[in-house]
Amino acid sequence: MDKIVIEGGTPLRGEIAISGAKNAALPLICACLLAPGPHILENVPDLRDVRTMLALLEALGATWKRDGATLTIDTANLNSFEASYDLVKTMRASVLVLGPLLARLGRARVSLPGGCAIGARPINFHLQGFKRLGVSHQLEDGYVDAVVDGQMVGATICFDFPSVTATENILMGAVMARGETVIKNAAREPEIANLVDMLNGMGARIRGRGGDTLLIEGVTRLRSARIRIVPDRIETGTLLIAVGATGGELSLSNGDSTMLPALYAKLRAAGVRVREDQDRVHVAGNGVVRAVDIKTMPYPGFPTDLQAQMMALMCFGQGLSLITETIFENRFMHVAELRRMGADIRINGPSAIVSGVGKLRGARVMATDLRASASLVIAGLAAEGLTQISRVYHLDRGYDDLVGKLSRVGAKIHREAE
């Protein structure tokens, strides 16, 4: 097992190319199950979660090959409808095979998902939606065993909350349902728009891209497709925040400047200079961070996946910052580790009150989940002295060569055996 070692205090300067989005790659890989033949995905990040999802598809009978950032997946010969616990336990997104398997095979047996320990994150929205489409299921021995008698039938589905994975799963299941399906209060994340583009490229008929209401006219069959995965807005945001904490100036290329409106607003309020330029974002820090309040919200609000990173930045701020988490009920586990570095943070229910201390001190800390890992990297980059972060396998799940990218723009950071 590796650890990350950081000698803090060096501003970041240069250019970093943003990788493809993990949160787009995983559902697009699952969408390949809907139609037989070779599907081609471009701009695929090299992540642990991507490799896990490919292993899951392989267990279902698919084959794949990778050439750089291009992935070819052939799903002509599916021979299983079961996603086993051994593959699903480490990654919540693996539940996204449920919709495609039901649409194509009429049957799916999927282990209840795992992933980061940031809350219960149940799949009841998925199951309630599929029930509306005519799917029956039972929960037994930690598995969802779902079956459809004949063909799914279109229906109107209204989510109590705009769940990203539920929207994606129902969307993939409904593309071959008989009649029209309407998804109301759908999640609006850019990664879902990427999935809609792929599905329509496969022959689906989906309207409402980017909105909170999706209309799906079912088709009888789909074809293989070629699609480019959108840039990773969470990697982009993490790097923007890192510059705010350390100072310096970065240009982030291969991105999409339209994906993070809420973060840009908060960074500018904190005194960080951000300039958008189509597929590029420029950021500069001036060494002074003003405290700002944050409340995580569904897109286009402030992303929950950037809450931990922003909290690390606020530790260096002037004044009090109130950070409220509304998406997941257990996403403050990084607080204890930031306190080890000298942070002054108090938890009050769903909120954290951060008193800016101006500087942190390097320490030995432990990553507890994917985005907490990134917050500790940011804190270590800006802290005085040496920081050692253990359990960094979490980081590998969602960041493509983050250590290498940071080291190439001046950070004193490396990995070594624990």
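The values are calculated or read from the model by the stated rules, or taken from the named source; none is laboratory data. Nothing here was measured: the structure is a model prediction, and the numbers come from that model. Note: ideal-geometry Cβ built from the backbone for every residue, glycine included; neighbour counts use all protein chains shown.
Quick grid of which residues meet (1) β-branched (Val, Ile, Thr); (2) more than 24 Å from residue 21 (Cα to Cα); (3) at pLDDT 95 or above:
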{"position": "289", "(1), (2), (3)": "yes, yes, yes"}
{"position": "300", "(1), (2), (3)": "no, no, yes"}
{"position": "323", "(1), (2), (3)": "yes, yes, yes"}
{"position": "353", "(1), (2), (3)": "yes, yes, yes"}
{"position": "377", "(1), (2), (3)": "yes, no, yes"}
{"position": "380", "(1), (2), (3)": "no, yes, yes"}
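Remark: residue 87 falls outside the filter, which requires a residue to be touching a Phe, Trp or Tyr at 6+ places or on another chain (Cβ under 7 Å) and either surrounded by 14 or more Cβ atoms within 10 Å (Cβ to Cβ) or under 22 Å from residue 180 (Cα atoms) (or both). Tell me, yes or no, whether the range 363-374 has at least one residue that is assigned to a strand (DSSP E or B), of a type in the set (Asp, Glu), within 20 Å of residue 310 (Cα to Cα) and touching a residue at least 12 places away in the same chain (Cβ under 8 Å). Scanning the range 363-374, I find no residue that is assigned to a strand (DSSP E or B), of a type in the set (Asp, Glu), within 20 Å of residue 310 (Cα to Cα) and touching a residue at least 12 places away in the same chain (Cβ under 8 Å), so the answer is no. For the range 268-291, which positions are aliphatic (A, V, I, L, M) and buried (at least 21 other Cβ atoms within 10 Å of the Cβ)? Of everything in the range 268-291, those that are aliphatic (A, V, I, L, M) and buried (at least 21 other Cβ atoms within 10 Å of the Cβ) turn out to be 270, 272, 281, 283, 289.
Taken as a whole, the condition of being surrounded by fewer than 24 Cβ atoms within 10 Å (Cβ to Cβ), basic (Lys, Arg) and touching a residue at least 12 places away in the same chain (Cβ under 8 Å) applies to residue 66.
Of everything in the range 248-267 that is of a type in the set (A, V, I, L, M, F, W, C), surrounded by 17 or more Cβ atoms within 10 Å (Cβ to Cβ) and in a helix (DSSP H, G or I), the residue that is farthest from the chain's Cα centre (by Cα) is 267. Among the candidates 166, 186, the residue that is in a loop (DSSP other than H, G, I, E, B), surrounded by 20 or more Cβ atoms within 10 Å (Cβ to Cβ) and under 21 Å from the mean Cα position of the chain (by Cα) is uniquely 186. Pairs meeting the criteria (first residue in the range 150-174 and farther than 9 Å from residue 125 by Cβ and in the same structural domain as residue 191 (by TED's automatic domain parsing), second residue in a helix (DSSP H, G or I) and among the acidic types (Asp, Glu), beta carbons under 9 Å, at least 6 apart or on different chains) are 164/191; 168/191. None of 328, 302, 316 is surrounded by 15 or more Cβ atoms within 10 Å (Cβ to Cβ), farther than 28 Å from residue 409 by Cβ and in the same structural domain as residue 251 (by TED's automatic domain parsing) except 328.
Selection within the range 209-233: residues that are buried (at least 24 other Cβ atoms within 10 Å of the Cβ) and not in a loop (DSSP other than H, G, I, E, B). The member of this set that is nearest to the chain's Cα centre (by Cα) is 233.
Among the residues of the range 324-355, those identified as under 25 Å from the mean Cα position of the chain (by Cα) and charged (D, E, K, R) are 325, 329, 331, 337. Taking the range 316-330 as the range and being farther than 17 Å from residue 244 by Cα and in a loop (DSSP other than H, G, I, E, B) as the test, the residues that pass are 325, 326, 327, 328, 329, 330. Here residue 387 meets the list (1) among the polar types (S, T, N, Q); (2) touching a strand residue (DSSP E or B) at 6+ places or on another chain (Cβ under 6 Å); (3) in a helix (DSSP H, G or I) almost entirely, failing just condition (3).
Residues checked against (1) in a loop (DSSP other than H, G, I, E, B); (2) hydroxyl-bearing (Ser, Thr, Tyr); (3) surrounded by fewer than 21 Cβ atoms within 10 Å (Cβ to Cβ); (4) in contact with a strand residue (DSSP E or B) (Cβ under 8 Å, 6 or more places away or on another chain):
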{"site": "33", "(1), (2), (3), (4)": "no, no, no, no"}
{"site": "44", "(1), (2), (3), (4)": "yes, no, no, yes"}
{"site": "71", "(1), (2), (3), (4)": "no, no, no, yes"}
{"site": "80", "(1), (2), (3), (4)": "yes, yes, yes, no"}
{"site": "93", "(1), (2), (3), (4)": "no, no, no, no"}
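With the structure loaded, tell me whether residue 310 is crowded, with 17+ Cβ neighbours inside 10 Å, more than 18 Å from the chain's Cα centre (by Cα) and in contact (Cβ under 8 Å) with a residue 24 or more places away in the chain or whether it fails that test. No: the conditions fail for residue 310.
With respect to (1) crowded, with 20+ Cβ neighbours inside 10 Å; (2) touching a Lys or Arg at 6+ places or on another chain (Cβ under 7 Å); (3) outside the structural domain of residue 47 (by TED's automatic domain parsing); (4) modelled with pLDDT of 95 or more, the lone exception for residue 202 is condition (3). Before we move on, is residue 13 outside the structural domain of residue 341 (by TED's automatic domain parsing) and surrounded by fewer than 23 Cβ atoms within 10 Å (Cβ to Cβ)? Answer is no for this residue. Against the criterion of being outside any strand (DSSP E or B), touching a helix residue (DSSP H, G or I) at 6+ places or on another chain (Cβ under 6 Å) and modelled with pLDDT of 95 or more, residue 312 qualifies. Scanning the range 331-351 for residues that are assigned to a loop (DSSP other than H, G, I, E, B) and either within 17 Å of residue 295 (Cβ to Cβ) or at pLDDT 95 or above (or both) yields 331, 332, 341, 342, 343, 349, 350.
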